[in-house]
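Beneath this line is the structure, given in structure tokens, with notes to follow.
The values are calculated or read from the model by the stated rules, or taken from the named source; none is laboratory data. Keep in mind that this is a model prediction, so the values were computed, not measured. Heads up, the Cβs are rebuilt from the backbone with ideal geometry, glycines too, and the neighbour counts pull from every protein chain shown.
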């Protein structure tokens, strides 16, 4: 990074709305280009709650550029293998992550609790991170004012909307955007459970007719589990009834799924609809830009939501550091990121439609497609590495 880049970044007053993975990574990247961003997070505090996340190779390569990859690995579990299995436990395909890491990519994949990842990013930041600041609107994108629910208003040079799928910032950039759903619900939890050695460093997925489940260990004695069902179970009967219904739904799933659900706490099970965004006509307007789920929320089936967000973060920070003005910065960012994120989102949606189907014929086709996934992922990473995608100079 040359002195001009740092000076350009320092001259801009940048506000990042949203202090999740995307917002914190954006702030960290901006700092490394010499900026002093301010992050505004809606939650009143950062608490060790939530679910897990699988960070694939491309996410770890970005974190490596930001100097935190080793801390991310230490806070989570580096996985040596991920497998996709049928409901009876028969392997459909396996992905040797040790081989990926040993060969050419430097990193394989890491399973980590979201709160642990946020803590790594917070500890690496010098930026002012203000909690309890829920954004309600951004007015006049050419001279933006960010208004928060507590009455606070700020008027920065640039606003980055990293405030998730229900982004308030997005209303200023793409006001007609509406989320879309799949007819299914996803359940998530992190359970305290002791696992046999053969599951201690392995992730797995199980694909059956209309249901999809799996997970990975996020530390020595905690396992992140997710499950997708065609409709919500026991939606109005409380947390304990919901967990009983989930145990019944996945009782025949291969281990460690039943063991994890037996150990789960009813109060720690989270249910959400499966939602994503269609391709937006724009990612920026005036001095306001979107990143992460605010720009391209995607279904979880390709495991790329967080990875695409951190790619956005470093690309946007690089644009702001090297562009002569905000328009040039945002255009460079969109040129690098939009088509790629749209392609990954489309892949995620296609897998989601296959993963939630209840048709035996389509399920057979889906299982056949699953066998092609590891090769596709490796080829994609190779193309990105050759092109330098998502890794601008720091």
- Query: Among (1) surrounded by fewer than 20 Cβ atoms within 10 Å (Cβ to Cβ); (2) touching a residue at least 60 places away in the same chain (Cβ under 8 Å); (3) at negative phi, which single condition is residue 58 missing?
  - Reply: (1)
- Message: Can you pull out every residue in the range 252-283 that is in contact with a strand residue (DSSP E or B) (Cβ under 7 Å, 6 or more places away or on another chain), crowded, with 18+ Cβ neighbours inside 10 Å and over 30 Å from residue 200 (Cα atoms)?
- Response: 276, 283
- Item | Options 247, 259, 275: the member that is assigned to a helix (DSSP H, G or I) and out of contact with any helix residue (DSSP H, G or I) (no Cβ under 8 Å at 6 or more places or on another chain) | 259
- Restricting attention to the range 164-184, which residues are out of contact with any helix residue (DSSP H, G or I) (no Cβ under 7 Å at 6 or more places or on another chain) and not in a loop (DSSP other than H, G, I, E, B)? 171, 172, 173, 180, 181, 183, 184
- Query: If you scan the range 192-203, which residues turn out to be under 20 Å from the mean Cα position of the chain (by Cα) and surrounded by fewer than 23 Cβ atoms within 10 Å (Cβ to Cβ)?
  - Reply: 202
- Selection status of residue 306, buried (at least 24 other Cβ atoms within 10 Å of the Cβ) and either in contact with a helix residue (DSSP H, G or I) (Cβ under 6 Å, 6 or more places away or on another chain) or assigned to a helix (DSSP H, G or I) (or both): no
- Note on the structure: Of (1) farther than 18 Å from residue 190 by Cα; (2) crowded, with 17+ Cβ neighbours inside 10 Å; (3) touching a helix residue (DSSP H, G or I) at 6+ places or on another chain (Cβ under 7 Å), residue 126 satisfies every one except (2)
- Residues that are under 21 Å from the mean Cα position of the chain (by Cα): which helices (runs of 4 or more DSSP H) entirely in the range 28-118 hold 3 or more of them? 57-65, 69-75
- Query: What are the pairs, 6+ residues apart or on separate chains, where a residue within the range 148-164 that is under 19 Å from residue 30 (Cβ atoms) has its Cβ under 6 Å from a residue that is at pLDDT below 95 and not in a strand (DSSP E or B)?
  - Reply: 156/13; 157/12; 157/13; 158/12; 158/326
